[in-house]
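Right, one structure below, let's go through it.
The values are calculated or read from the model by the stated rules, or taken from the named source; none is laboratory data. Here the structure is a predicted model, which is why all the values come from computation and not from measurement. Virtual Cβ from ideal backbone geometry, glycine too; neighbours counted across all protein chains shown. Accessible surface is based on the protein model in full, side chains and every heavy atom, while ligands, DNA and RNA are left aside. Shrake-Rupley method; radii C 1.70, N 1.55, O 1.52, S 1.80 Å.
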Amino acid sequence: MASQTLARAAERKIAPHIGVEFTDVDLNQLDDGTFAAMRDALADHGVVFVRDQQLTPEQHIAFARRWGTIDVNNYFPANGGHPEIAEVRKAENQQTNIGGGWHTDHSYDQVPAMGSILLARETPPSGGDTLFASLSAAFDSLSEGMKATLRTMRAVHSADHIYSADGIYSKTDQGADLKGHDVRTHAVHPVVIRHPRTGREILYVNPAFTLHFEGWTRAESQPLLTYLYQVAMRDEFQCRLQWSPGSIAIWDNRSTWHCAMNDYHGHRRLMHRITISGEPLN
Ligand SMILES: O=C(O)CCC(=O)C(=O)O
Ligand SMILES: [Fe+2]
């Protein structure tokens with residue numbers, strides 16, 4: 001029998017609660033078995049990281065379509081001829097970055113995105129890492145009393161204070177690049193959701209887009225939200241990705257937060273993001 005050693009994808013956990021890296025894979029030639037393993041790994045670990053990929057924009061889109069329907073972002077500039085690809089960029093002369101505070105994308109939508117596939121095109125000589133946090137591990141760490149209370153609650157989310165004409169970005173040097181100033185968003189989601197694939201419980205509030213608990217004022221909501229955010233931001237629930245051109249991260253928006261470090265002033269960083277549609281949360 002002819003013997004041939006084929007490169008086989010391997011998985012390596014990045015941190016105890018979140019993140020897995022796939023090695024020995026070419027996303028342009030991903031067989032169905034490895035893709036299924038990647039889908040399972042995403043549900044189990046929240047973020048899948050792959051390095052050294054050579055994807056054209058068309059190949060990036062083709063890979064994204066294997067995960068689901070593409071959700072075109074309202075706010076980020078599109079890449080040239082590809083409306084499916086949002087550019088997340090910071091130039092040498094800009095001070096503000098995109099996603100520089102902890103958040104999960106699209107929680108302000110009625111049906112939030114499943115996740116994103118972020119591909120590094122240009123990276124600074126050092127810095128520009130992205131941190132990810134597991135909101136299922138954070139939820140698991142709470143007391144039974146707190147968990148039971150949170151399971152009865154819902155929270156209100158919006159992006160208007162971030163992206164509208166008088167929102168946070170408009171006051172920064174990213175303002176001119178962003179669009180969708182007139183888009184209005186408002187969504188109410190359970191504070192504790194179940195992951196659609198694993199059934200695992202997830203704390204579903206985030207510092208960027210959650211305004212308050214339903215039926216509570218913002219002032220009443222703030223102390224409990226602040227406490228929950230402090231829990232979720234604990235180092236033990238995080239992993240850190242260090243990018244180079246060709247690195248790709250796929251994250252699950254329901255079970256994770258992310259935060260892009262802004263520690264590379266004077267250098268360019270360009271990422272291509274494709275967002276995948278999700279399903280109603282409950
Ligand atoms: O640039 C990054 O590392 C992440 C930016 C971000 O928040 C996003 O693409 O959703
Ligand atoms: Fe983001």
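Within segment 137-167, track down each residue that is of a type in the set (A, V, I, L, M, F, W, C) and not in a loop (DSSP other than H, G, I, E, B). Let's see the steps before the verdict.
Looking only at segment 137-167, we keep the residues that are of a type in the set (A, V, I, L, M, F, W, C), and these are 137-139, 142, 146, 148, 150, 153, 155-156, 159, 162, 165.
ALA137, ALA138, PHE139, MET146, ALA148, LEU150, ALA155, VAL156, ILE162, listed by residue number.
A quick yes/no check of all residues on (1) of a type in the set (Asp, Glu); (2) over 25 Å from GLN110 (Cβ atoms):
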residue: THR217; (1), (2): no, no
residue: MET233; (1), (2): no, yes
residue: GLN238; (1), (2): no, yes
residue: LEU241; (1), (2): no, yes
residue: ALA249; (1), (2): no, yes
residue: ASP252; (1), (2): yes, no
residue: THR256; (1), (2): no, no
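Specify which of the listed residues (ALA155, ALA113, ALA120, ALA133) is modelled with pLDDT of 95 or more and more than 13 Å from ligand 1 (Cβ to nearest atom).
Numbers: ALA113 fails: more than 13 Å from ligand 1 (Cβ to nearest atom); ALA120 fails: more than 13 Å from ligand 1 (Cβ to nearest atom); ALA133 fails: more than 13 Å from ligand 1 (Cβ to nearest atom).
Criteria check complete, one pass: ALA155.
Output yes when any residue across segment 104-111 is away from ligand 2 (no atom under 14 Å from the Cβ) and over 23 Å from HIS186 (Cβ atoms), and no when none is. Lay out the reasoning, then the answer.
Start the filter on segment 104-111 by keeping residues that are away from ligand 2 (no atom under 14 Å from the Cβ), which leaves 110-111.
Now narrow it down to the ones that are over 23 Å from HIS186 (Cβ atoms): none.
No: segment 104-111 contains no residue that is away from ligand 2 (no atom under 14 Å from the Cβ) and over 23 Å from HIS186 (Cβ atoms).
Just one of the numbered conditions (1) more than 19 Å from the chain's Cα centre (by Cα); (2) under 19 Å from MET114 (Cα atoms); (3) not in a loop (DSSP other than H, G, I, E, B) is not true of SER170; which one?
SER170 satisfies all of (1) more than 19 Å from the chain's Cα centre (by Cα); (2) under 19 Å from MET114 (Cα atoms); (3) not in a loop (DSSP other than H, G, I, E, B) except (2).
Of everything in segment 212-255, what is under 25 Å from VAL25 (Cα atoms), assigned to a strand (DSSP E or B) and either free of Cβ contacts under 8 Å to residues at least 40 places away in the same chain or open to solvent by less than 10 Å² (accessible area, probe 1.4 Å) (or both)? Give them in sequence order. Before the answer, list the steps.
Restricting attention to segment 212-255, the residues satisfying the condition of being under 25 Å from VAL25 (Cα atoms) are 238-253, 255.
Filter once more, keeping what is assigned to a strand (DSSP E or B): 238-241, 248-252.
Across segment 212-255, the qualifying residues are CYS239, LEU241, ILE248, ALA249, ILE250, TRP251, ASP252.
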